[in-house]
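I have placed the structure first, in the form of structure tokens, so that the comments after it can refer back to it.
The values are calculated or read from the model by the stated rules, or taken from the named source; none is laboratory data. A quick note: this is a predicted structure, and the numbers were derived from the prediction, not measured. Here the Cβ is made from the backbone with ideal geometry for all residues, glycine too, and neighbour counts use every protein chain on show.
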Amino acid sequence: MYTELASYRIGRHSLEGIGVYALDGGMSAEYAVQEALASLSGGVAHTWEVQAPGLGPNPVLATRSFLREAVDVTIAAYDALGAERVYDTVVVGTGVSSASYVAQLLGAPFLPLHFLASARSIAQTQDALDGAAEDGFAAYATLAYDESMPTMAVAWLKMLELPAAYRSFLARHRVRRVVLIGTRGVSPHLARRPLAAHGGDHIAAGEVLVTSPDGGSQLDDNMLRRTIDDLDAVELEPEAFRITDWESGLAEEQLDGVLAQLWAAHVETWLMTADDYLAAYDAASYAQAVLLRAQGTEIRQLALNPYLITHPHAEAVGGVLPLVYWQLDALDLTLDRFEHTLRDAGALDADALRGLPVVINATLNVGGPEHALALERALRARGFTDVTTLDTAADEIYGDRADTPFWRAFDVLAAHRTGPIEAPARALEQLSSAIAHRTDLRIRRLDPSS
């Protein structure tokens, strides 16, 4: 039986002197927080506590205090590493899978612009937004579903401005620069508001956007009806409109609000955006390649990291160049990206790439056994001979030892005892140079006149 949580939480343990972070509740954004904590402390993190073997995380209920508690948990987790610790840079944005790699390269905490809540209705989601407004948050919600969390709908509560706790964090930790990260532009995701909402061309604080992540398919209709109790009782706009990717996207309204605050505070601001989630995922490979080169670390292994398994710190210590991918994409698409992106990021020719060992970091709760087996066969068919699949009957969680990415990452850190990695000089500029030829992935400095 799963546990219903009042807020997401990150347990911190010590195993053989190594910090272990154990997320419970939340998904990609909250996961990126724990991975940033692991990198900043020289530790390691699992995925999240699961509802049941092979399923997704425990639900965090959408309550009136949800957003305030999520922000407070985030700030407290970083302050536990040092309430006055100085950070030159902080990464702010969505939990796109490359965020933890970019944060590690820059020696930065990651602060999410949204958090994942579970709700049984549009009314419950609206109540959470009303409570957030009372607590001083300007936010809206994208309400949809996740098949790994089948009992309730899920909503990203998305902040349109930096909350006061974030602004205080930036000042207290003497942050000089913020890097905003996420995808931009429209996606296949469709949304409709309740007719009682204001409508119009712009997203406003307090709005619930009932979202179809699969572009309005029959799957969307079935899952929304199954998980949202009052879907038929609430009249929605007749016409759906396209929004940015509901998980990785930065809405223009969010950027407008956040940029105005950062510029008013005279914080140097950079924007790292991609045209779609796959280009954003590619940033992980480039960030890790820049870090490995800066360390003088040879690339010793390649990794295929399905959503959502990443171990930036242990991979940097062990000389691993990763590709982050979405396990529901076609295998050929994933492997085309694997070959092209890693050759480009790692400056490897085809023979050198195929000569490196490959690990498929799939587990029971991430990817699953059938996917891992199909991926291994496809890699071998493309000429990769040294391919390792891990224990796909085990979940990627901190607990009994198994041959999972978490335990392999732990063993790397236990063997090397390096502690956190110092950010290279001009790391952001190096990353910008590494992706300069990409037209679908960009980094640029912003100022009020740009």
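G95 passes every criterion in (1) in a loop (DSSP other than H, G, I, E, B); (2) of a type outside the set (F, W, Y); (3) at pLDDT 95 or above apart from (3).
Out of curiosity, is G136 over 18 Å from the mean Cα position of the chain (by Cα) and without any contact (Cβ under 8 Å) to a residue 40 or more places away in the chain?
On the way: over 18 Å from the mean Cα position of the chain (by Cα): yes; without any contact (Cβ under 8 Å) to a residue 40 or more places away in the chain: yes.
Yes, satisfied.
Checked against (1) closer than 29 Å to P150 by Cβ; (2) over 20 Å from the mean Cα position of the chain (by Cα); (3) at pLDDT below 95, A83 meets all criteria but (1). Just to verify a result, which residue in the stretch 240-284, among those that are polar (S, T, N, Q) and part of a strand (DSSP E or B), is surrounded by the most Cβ atoms within 10 Å (Cβ to Cβ)? If we take residues in the stretch 240-284 being polar (S, T, N, Q) and part of a strand (DSSP E or B), then T273 is surrounded by the most Cβ atoms within 10 Å (Cβ to Cβ). Before we move on, is A409 more than 24 Å from the chain's Cα centre (by Cα), in a helix (DSSP H, G or I), farther than 30 Å from L262 by Cα and not β-branched (V, I, T)? Considered against the rule, which asks whether it is more than 24 Å from the chain's Cα centre (by Cα), in a helix (DSSP H, G or I), farther than 30 Å from L262 by Cα and not β-branched (V, I, T), A409 comes out as no.
Taken over the stretch 359-377, the criterion of being buried (at least 20 other Cβ atoms within 10 Å of the Cβ) and part of a helix (DSSP H, G or I) is satisfied by A372, L375.
A233 meets the conditions (1) out of contact with any helix residue (DSSP H, G or I) (no Cβ under 9 Å at 6 or more places or on another chain); (2) small (G, A, S); (3) without any contact (Cβ under 8 Å) to a residue 12 or more places away in the chain in every case but one. The failed one is (1).
Looking only at residues in the stretch 378-406 that are assigned to a loop (DSSP other than H, G, I, E, B) and of a type in the set (F, W, Y), the one that is modelled with the lowest pLDDT is Y398. For beta carbons closer than 9 Å, sequence separation of 6+ or different chains, a first residue in the stretch 439-450 that is closer than 21 Å to A279 by Cβ and not assigned by TED's automatic domain parsing to the domain that holds E268 and a second that is loosely packed, with under 10 Cβ neighbours inside 10 Å and at pLDDT below 85, the qualifying pairs are R444/S450.
Checking the conditions here, which among A38, A22, A83 is closer than 30 Å to T392 by Cβ, outside any helix (DSSP H, G or I) and either out of contact with any Leu (no Cβ under 9 Å at 6 or more places or on another chain) or among the polar types (S, T, N, Q) (or both)? Can you show your working first?
Working: A38 fails: outside any helix (DSSP H, G or I); A83 fails: closer than 30 Å to T392 by Cβ.
Answer to the selection: A22.
Here the stretch 426-438 is the region considered, the condition is being in a loop (DSSP other than H, G, I, E, B) and without any contact (Cβ under 8 Å) to a residue 24 or more places away in the chain, and the residue that is farthest from Y286 (Cα to Cα) is R426.
Based on what the data block shows, is L356 under 23 Å from T297 (Cβ atoms), in a loop (DSSP other than H, G, I, E, B) and modelled with pLDDT of 95 or more?
On the way: under 23 Å from T297 (Cβ atoms): yes; in a loop (DSSP other than H, G, I, E, B): yes; modelled with pLDDT of 95 or more: yes.
So L356 fits the description; yes.
Residues in the stretch 121-152 that are farther than 20 Å from L190 by Cα and in contact with a Ser or Thr (Cβ under 9 Å, 6 or more places away or on another chain): Q124, D127, A128, G131, A132, D135, M149, P150, T151.
The set of residues in the stretch 395-435 being in contact with a Phe, Trp or Tyr (Cβ under 7 Å, 6 or more places away or on another chain) and closer than 25 Å to V91 by Cα consists of F406, L428, L431, A434, I435. Yes or no: F169 of a type in the set (F, W, Y), touching a residue at least 12 places away in the same chain (Cβ under 8 Å) and surrounded by fewer than 23 Cβ atoms within 10 Å (Cβ to Cβ)? Here the answer is yes, as F169 does meet what is asked. Among residues of the stretch 380-397 that are farther than 17 Å from G355 by Cα, those with a beta-carbon under 8 Å from a residue that is at pLDDT below 95 and exposed (fewer than 14 other Cβ atoms within 10 Å of the Cβ) at least six positions away or on a different chain give the pairs D395/P53. The set of residues from the stretch 100-129 being crowded, with 24+ Cβ neighbours inside 10 Å and under 17 Å from P424 (Cα atoms) comprises S100, Y101, V102, A103, Q104, L105, L106, A108, P109.
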